[in-house]
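Worksheet: one structure, shown below.
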Amino acid sequence: MSPDDLCFLPAWRQAELIRDGEISAVELADAVLARIEKFNPKLNAFVLTYPERTREAAQAAMRSLRNGARGGRLTGVPVSIKDTYWISDLPMRFGSRLMKDHVPKEDSPAVTRLAAAGTVDIGKTNTPEFAWRGSTDSPLSGPAANPWNFAMTPGGSSGGASAAVAAGLGSLALGSDAAGSIRIPASFCGLVGFKPTFGRVAMFPPAGGNELALHGGPMTRTVRDTAMMLDIIAGPDPRDPFSLPRREGESYSGLEASVKGLRIGWSPDLGFAEVEPETMAIVASALTAFTELGAEVDDAGLALDDPSWILDTLFGGAAGGAHGGRPAEEKALMDPALVAYAERGRAIGIERYMKAIMARQALVQKLVRSFQGFDLLVTPTVGVPAFPLGKVNPDTINGRPTAHLGWSLTYPFNWSGQPAISVPAGWTKSGLPVGLQIVGRRFEDAQVLAAAAAFEAVRPWIERRPPSVAT
């Protein structure tokens with residue numbers, strides 16, 4: 001097997017080969033590091049790598065196996081960490097020149113758990129400044145590119161993570177999602193991106209004004225890998241007061257991949273989103289797989305009032321509070337689009353902000369009640385495939401201008417805290433991926449993963465690689 005083929009194997013298979021002694025964790029780490037050296041100059045997926053530290057972690061994984069340790073199910077497998085998470089004694093710069101000297105002295109909870117499970121950290125991935133947008137471009141690190149077309153964005157804010165996994169620069173990535181930041185880049189890069197139930201993965205450091213929307217989760221090439229990674233990172237931490245307890249013996253792996261007998265609601269637009277015709281056709285065609293698998297698929301009848309003003313008020317208000325009052329010399333170092341967004345957010349009054357909170361609560365109740373009629377909800381993940389680099393948003397969809405993140409169908413489920421996954425539905429005629437989103441009831445993460453695995457079994461995508469980085 002060539003080093004490139006080894007890098008594109010799913011994580012579960014890489015772990016098997018390591019446990020069986022057919023390859024070593026060091027061999028796999030070296031293969032991934034070689035691909036990073038070759039392709040990262042084009043992708044800018046990684047903002048920090050540390051080959052010596054990575055090889056030491058791979059050697060430690062091999063020593064534990066040689067000394068008789070059973071090893072975890074992902075021992076020796078490379079993983080990247082979004083540059084919003086803390087790793088002790090390594091820079092965490094959040095895509096900002098204002099934080100270029102920030103070096104935390106403790107790990108984020110998920111980072112600790114990945115290391116304890118024997119995975120091998122290969123580097124920090126690119127993110128827009130303070131993770132504020134759905135494309136990945138920052139004044140500190142520059143733009144990340146999409147492996148399917150270097151002229152297009154990989155999405156954001158976990159864009160470096162998605163570009164890395166799609167290009168074979170590590171089979172696992174740790175992302176975060178406050179409005180779609182895992183699922184948008186998964187859709188744009190042809191990956192599996194899972195936002196678990198709110199609190200399932202403990203988050204620290206906190207997220208400024210977005211604690212009630214921030215989720216951590218896996219980004220991988222297969223549903224099985226996602227479930228295995230979630231098994232590692234799920235669980236509470238005292239630093240996160242919203243984190244959920246974990247039941248003894250709880251596992252997301254080994255689930256029956258089935259939707260037979262389930263009631264699935266289909267919503268092409270949630271009642272408010274613009275979805276361009278080719279994207280809609282691809283997702284609607286993929287939807288037939290659920291009927292073939294024995295599910296009952298019906299129109300969900302969801303007609304949400306356009307919630308973009310709620311997003312703009314709450315997300316924009318948080319940006320305004322965090323950055324709108326910065327001195328001019330600091331703003332001069334920041335993303336100009338973020339500065340403008342924060343300055344608009346700073347002008348939001350308390351009355352409008354409280355109305356947005358109440359409107360968010362009403363929307364959540366509508367979503368929760370809608371699940372009385374079905375077990376799962378399926379939608380497009382995003383209204384468009386990847387758009388060109390250098391843009392915060394696509395210019396238009398169906399001839400209509402777009403607002404900040406208003407082109408996605410992801411963010412309402414951050415507010416409701418429901419588990420939601422994006423899986424590849426297909427590819428456009430120009431070769432860009434399109435994602436399908438599956439949403440479940442809160443706490444029913446296992447059912448979402450089982451449905452995604454069933455879909456993957458009949459519409460597999462693992463053999464498809466971006467041609468420009470295939471070898």
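Just so it is clear, none of the values below were taken in a lab; they were calculated from the coordinates. Nothing here was measured: the structure is a model prediction, and the numbers come from that model. Methodologically, a virtual Cβ is constructed for each residue, glycine included, from the backbone with ideal geometry; neighbour enumeration extends over all protein chains shown.
Annotation: amide H of L172 within the under-5 Å range of S80, sequence separation 5 or more or interchain, hydrogens built in the peptide plane.
Just add up the charged neighbours of K260: K/R +1, D/E -1, any other residue whose Cβ is under 12 Å from the Cβ of K260. Spelling it out: positives minus negatives among the neighbours equals -3.
So for region 3-469, taking the charge dipole from beta-carbon charges (+1 Lys/Arg, -1 Asp/Glu), which of S285, T84, P401 sits furthest toward the positive end? Checking the options against the dipole of region 3-469, the answer is T84.
Rounded to the nearest 20 debye, what is the charge dipole size of region 291-450 about its Cα centre when +1 sits on each Lys and Arg Cβ and -1 on each Asp and Glu Cβ? Walk me through the numbers before you get to the answer.
Working: 14 positive and 16 negative charges, 93 e Å.
Charge dipole, region 291-450, about its Cα centre: 440 debye, nearest 20.
A cut-off of 5 Å between modelled amide H atoms, ignoring neighbours fewer than 5 places along the same chain, links V297 with I264. For region 135-277, calculate the relative contact order in percent as a whole number, restricting contacts to Cα pairs under 8 Å that are 6 or more residues apart. So the answer I get is 18 percent.
For region 177-217, calculate the relative contact order in percent as a whole number, restricting contacts to Cα pairs under 8 Å that are 6 or more residues apart.
Details: 47 pairs, mean separation 19.8, N = 41.
Once divided by the residue count of region 177-217, the mean separation gives 48 percent.
Sorted by packing (mean other beta-carbon atoms within 10 Å per residue), highest first, where do 190-198, 233-241 land? Before the final figure, lay out the partial values.
On the way: 190-198: 29.2, 233-241: 16.8.
Going by the mean number of other Cβ atoms within 10 Å, highest first, we get 190-198, 233-241.
Spin-label model, A328/E106: points 7 Å from Cα along the beta carbon direction are separated by 3.9 nm.
In the chain, Cα pairs under 8 Å separated by at least six residues give a relative contact order of 17 percent. Residue-wise HN-Hα couplings along region 15-20, as the Karplus relation 6.51 cos²θ - 1.76 cosθ + 1.60 with θ = phi - 60° gives them from phi, are 5, 4, 4, 5, 4, 7 Hz; Gly and Pro carry x. Net charge of the neighbourhood of K355, taken over other residues with C-beta under 14 Å away and scored Lys/Arg +1, Asp/Glu -1, is -1. Stokes-Einstein diffusion of region 216-265 at 10 °C, 1.306 mPa s viscosity, Kirkwood radius from Cα pairs, rounded to a whole number: 122 µm²/s. If only the Cβ of Lys and Arg carry +1 and only the Cβ of Asp and Glu carry -1, the dipole of the chain around its Cα centre is close to 380 debye. Just round it to a whole percent: the fraction of Cα-Cα distances in region 1-122 exceeding 25 Å. For region 1-122, the share of Cα pairs beyond 25 Å comes to 25 percent. Rounded to the nearest whole angstrom, the semi-axes of the ellipsoid equivalent to the chain, taken from the Cα gyration tensor as √(5λ), stand at 31, 27, 21, largest first.
Can you give the FRET efficiency for R352 and S258, using 1/(1 + (r/R0)^6), R0 = 51 Å, r = Cβ-Cβ distance, to the nearest 0.05? E(calc), rounded to 0.05, equals 0.65. Shown in residue order for region 347-352 are the 3J(HN,Hα) couplings computed by the Karplus curve 6.51 cos²θ - 1.76 cosθ + 1.60 at θ = phi - 60°: 7, 5, x, 5, 5, 5 Hz (x for Gly and Pro).
Packing, taken as the mean count of other beta carbons within 10 Å per residue, orders the peptides 210-221, 9-20, 322-333 from highest to lowest as 210-221, 9-20, 322-333. Filter K124/K195; K38/K82; K124/K429; K42/K124 down to the pairs with a C-alpha to C-alpha distance above 25 Å, please. Among K124/K195; K38/K82; K124/K429; K42/K124, the Cα-Cα distance tops 25 Å for K124/K429. Here region 237-313 yields Rg over Rh of 1.11, to two decimals, using C-alpha coordinates and the Kirkwood radius.
For A425, the residues 5 or more places off, or on other chains, whose built amide H falls under 5 Å of its own are V434, G435, L436.
Working from label points 7 Å from Cα in the Cα-to-Cβ sense, the R53 to D4 distance is 3.0 nm. Cα centroids of region 31-97 and region 186-249: 19 Å apart. Separation of region 125-164 from region 418-440 is 18 Å, based on Cα centroids.
Where Rh is the Kirkwood radius over the Cα pairs of region 157-293, the temperature 20 °C and the viscosity 1.002 mPa s, what D in µm²/s does Stokes-Einstein return?
On the way: Rh = 16.6 Å.
Result for D is 129 µm²/s.
Here the gap between D305 and R400, fully extended at 0.36 nm per residue and compared with their Cα-Cα distance, gives a gain of 32.5 nm.
Note down the net charge around A131, summing +1 for each Lys or Arg and -1 for each Asp or Glu among other residues with Cβ under 10 Å from its Cβ. Value of the local net charge: -1.
With helices as the sole contributors, the chain gives -10500 deg cm²/dmol at 222 nm; each DSSP H run of n ≥ 4 counts as -39500 (n - 2.57), and the sum is divided by every residue. Computed across region 48-115, the Kirkwood hydrodynamic radius from all distinct Cα-Cα pairs reaches 13.4 Å.
Suppose R0 equals 45 Å. What FRET efficiency, 1/(1 + (r/R0)^6) with r the Cβ-Cβ distance, do D237 and K366 give to the nearest 0.05?
Using R0 = 45 Å, I get an efficiency of 0.90.
Hey, quick one: spin label on F150, modelled 7 Å out along Cα-Cβ, who in region 9-45 has an amide N within reach, i.e. under 17 Å? Once the point is set 7 Å along Cα→Cβ of F150, 35-45 turn out to lie under 17 Å by backbone N, inside region 9-45.
For region 418-432, the Karplus equation 6.51 cos²θ - 1.76 cosθ + 1.60, evaluated at θ = phi - 60°, returns couplings of 7, x, 8, 10, 10, 10, x, 8, x, 10, 6, 4, 8, x, 9 Hz by residue, with Gly and Pro reported as x. By DSSP, the beta bridges lying fully in region 3-469 are antiparallel in about 65 percent of cases.
Length, then width, then depth: along the principal axes, the Cα atoms of region 342-410 run 41, 35, 19 Å. A straight chain from F272 to I462 at 0.36 nm per residue would run longer than the Cα-Cα distance by 65.2 nm.
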